[in-house]
Amino acid sequence: MVKDWVPSVNRIFRTISGSKRVDKVPFLAFAGEQMICRITGKTVRELYSSPKVYANAIISTFEFLNADSINVPSAYAGPSEGLAFAEANNKLDAIKWFNYQPLMCKQGEICKSEEDIDKLEIPDHSKNNLWKNSLLTAKMINEKTKFPQVISLSIWSVVQELRGLEAYKDMRRNPDLLLKLCEKIFESQMDIYENWLEVVGMPPNVFIAGYAFNRHMMSFQDSMRYEGQFIKRMMNKIKVPFMLHNCGTSPYFTEVVKEIDFIAVNGSHPLDIEYWIDFKKQHPKIAIIGANIDVSREMLTGTPSDVEEKVKENILNLAPGGRYICCPVCSLPWGVPIQNILAIPKAIEKYGHYPIKIN
Amino acid sequence: MIKIFKGIKGIYNLLIMNEEESLEQLKNAILEGNPNKAIEFVEKSIKIGIPVKEILNRAILKGAEEAGKLYEEDEYFLPDLLMTGDAINAATEILKNSLSGKSEIESKGIILIGTVEGDIHDIGKSLVVSILRGQGFEIVDLGSDVPPEEFLRKAKEINPNLIGLSGLMTMSISKMVETVNLLRSENIQSRIIVGGGILSKESCEMIGADDFAKDGWEGIKKIHNLIKI
């Protein structure tokens with residue numbers, strides 16, 4: 001570790017809370033296993049095998065990218081949760097491992113039938129090796145960097161993994177069955193939280209991967225039914241502020257923040273910056289993480305100058321008044337040029353110091 | 001006694017149900033996404049002698065078209081389209097069986113589709129397969145996590161009009177590039193569409209595909225256009 005993380009910790013968490021004591025716009029990066037493998041040369045299995053190796057690789061990667069954030073990509077209710085369910089239900093065939101990208105759970109394999117849902121066992125995360133190591137890694141990162149690790153939970157992301165396409169059909173033909181599955185996933189998310197408390201400690205925030213909140217996937221009413229109501233229940237149990245992540249292309253951000261009390265929203269769509277300017281006006285106390293910097297556009301195919309222009313546009317429109325974090329969404333793909341990632345902190349250095357100079 | 005009564009009632013229903021009514025009921029079953037009702041009314045339509053092409057065009061495809069319109073108007077969502085897809089497939093299966101070898105349903109084209117290697121997400125792709133199959137396309141679905149070489153092998157074998165590469169993960173873009181490069185380097189002339197919420201005009205150009213779609217319904221519309229050209 002070469003970096004003093006304290007300024008980054010202050011920058012990120014003060015921005016989220018709306019403090020005026022922020023020196024510049026923070027840079028939050030989603031560097032998943034793929035990026036960590038690319039930068040450190042290690043395979044995923046090597047990373048997962050030891051919390052020490054994993055923590056060091058993560059720290060090196062985020063420091064290399066000059067990011068203000070740091071997190072453990074596998075400590076998230078995505079593929080790792082698929083693995084936990086697969087293990088608890090003797091269905092490890094549903095899991096596919098890769099060398100340089102996170103494992104995947106074949107969608108719909110674990111809960112193929114109604115009986116599978118009825119008999120579905122909730123994982124004990126303290127007994128799952130990947131979760132054990134991921135939480136220990138988060139603890140080590142906490143200790144080494146003093147960057148408090150944020151817990152990430154989800155309902156619909158896990159529903160999709162376990163039930164796949166059938167989940168969408170269940171909405172119309174058997175909603176009670178689908179709710180039964182959501183209920184079990186909720187229980188599992190609470191088990192993750194209990195384990196997190198025990199190993200890592202109290203998280204500063206909960207980061208909800210709320211994939212249900214997408215127009216192209218379901219109606220807003222259904223998104224509240226199959227994800228929103230469970231988030232509200234999580235909020236009753238976990239007394240820290242919640243943030244909403246949604247990397248879909250038609251998110252219900254404006255709708256959902258009227259129903260659920262999030263302190264920040266994180267996404268890359270809509271691409272129209274005017275949407276985000278209006279969002280900030282309508283919800284001045286909700287931090288925006290991301291806005292319209294999409295990893296599959298300037299980041300992937302453009303030049304560092306294109307990235308700089310995009311960052312500038314976001315900063316000049318959204319950073320005045322605070323509560324703005326620069327963040328390309330979502331996970332940085334394998335092929336994204338490193339210069340384009342590094343162009344973000346450079347552009348922040350140029351335009352992102354407070355007070356923001358509009359011209 | 002009850003059985004006799006039901007039998008008489010069935011014959012009576014069959015007689016009084018005219019062509020329009022039967023097709024309307026079938027279209028509604030498609031629109032409601034009710035496979036059982038779709039089977040019931042496609043069978044009735046065949047029994048009263050409506051030509052297969054009429055059943056397909058005036059009821060099944062019309063139902064699919066109306067479902068798509070409702071989706072665009074935010075009245076329908078992915079679950080509704082998927083149920084419509086199931087009803088279409090149930091109905092067309094009955095139609096095909098009724099033909100017993102006759103080729104009254106013309107193929108609108110051959111499509112090779114799959115989720116690229118390293119990605120196992122298939123919800124958008126399944127919607128595309130389900131609707132297009134019902135609309136008369138011949139679909140060869142390679143499934144998910146498909147290596148570039150497998151796309152190539154199958155493309156050489158079936159010479160598709162169009163190849164669809166699907167992927168949800170940002171990391172899938174690199175695999176799409178690899179797949180398209182391999183297909184083009186081996187002189188595969190089929191049109192190529194890439195699909196997934198991660199895609200953009202810029203990434204589509206980088207991949208070298210003819211077009212891209214951000215969701216399943218957009219994919220269905222664009223595939224129709226690409227195959228027409």
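Listed values, structure above:
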item	result
Folded to 0 to 90 degrees: helix B:148-158 orientation relative to chain B principal axis, Cα	50 degrees
For segment A:25-94, fraction of C-alpha pairs farther apart than 14 Å, in %	62 percent
Globularity index of chain A, i.e. its alpha-carbon radius of gyration over 2.2 N^0.38 Å	0.95
Span-like helix ranges in chain A, DSSP H, alpha carbon extent 15 angstrom or more, Kyte mean at least -1.0	A:6-17, A:51-64, A:129-145, A:175-199, A:304-318, A:338-351
Calculated [θ] (222 nm, deg cm²/dmol) that DSSP helices of n ≥ 4 give over the protein assembly as shown, each run adding -39,500 (n - 2.57)	-16500 deg cm²/dmol
Square roots of five times the Cα gyration tensor eigenvalues for segment B:44-127, Å	27, 19, 10
Filter on B:Lys69/B:Lys156; A:Lys184/B:Lys175; A:Lys24/A:Lys310; A:Lys112/B:Lys156; A:Lys42/A:Lys132 - keep pairs with C-alpha separation over 24 Å	B:Lys69/B:Lys156; A:Lys184/B:Lys175; A:Lys112/B:Lys156
Among beta bridges that DSSP assigns inside chain A, antiparallel share in %, nearest 5	15 percent
All lysines inside 19 Å of B:Lys53 as judged from Cα atoms, apart from same-chain residues fewer than 8 positions distant	B:Lys27, B:Lys44, B:Lys62, B:Lys96, B:Lys102, B:Lys108
Spatial extent of chain B: Rg and Dmax, with the Cα atoms as the point set, Å	19.9, 71
Stokes-Einstein D in µm²/s, Kirkwood radius over Cα pairs - segment A:250-359 at 10 °C with 1.306 mPa s viscosity	112 µm²/s
Separation of alpha-carbon centers, segment A:162-187 and segment B:177-229, rounded to whole Å	32 Å
Neighbourhood charge, 12 Å Cβ-Cβ cut-off, centred on A:His216 and excluding it, Lys, Arg +1 and Asp, Glu -1	-2
Reachable lysines, given that their alpha-carbon falls under 18 Å from the alpha-carbon of A:Lys20 and they are not under 8 places away in the same chain	A:Lys280, A:Lys281, A:Lys285, A:Lys357
Rg ratio (alpha-carbon, reference 2.2 N^0.38 Å) - segment B:110-228	0.91
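Here, each number is a calculation from the coordinates, and none is a lab measurement. These numbers were taken from a predicted model, which means no experiment stands behind them. Backbone-built Cβ (ideal geometry, glycine too); neighbour counts: all protein chains shown.
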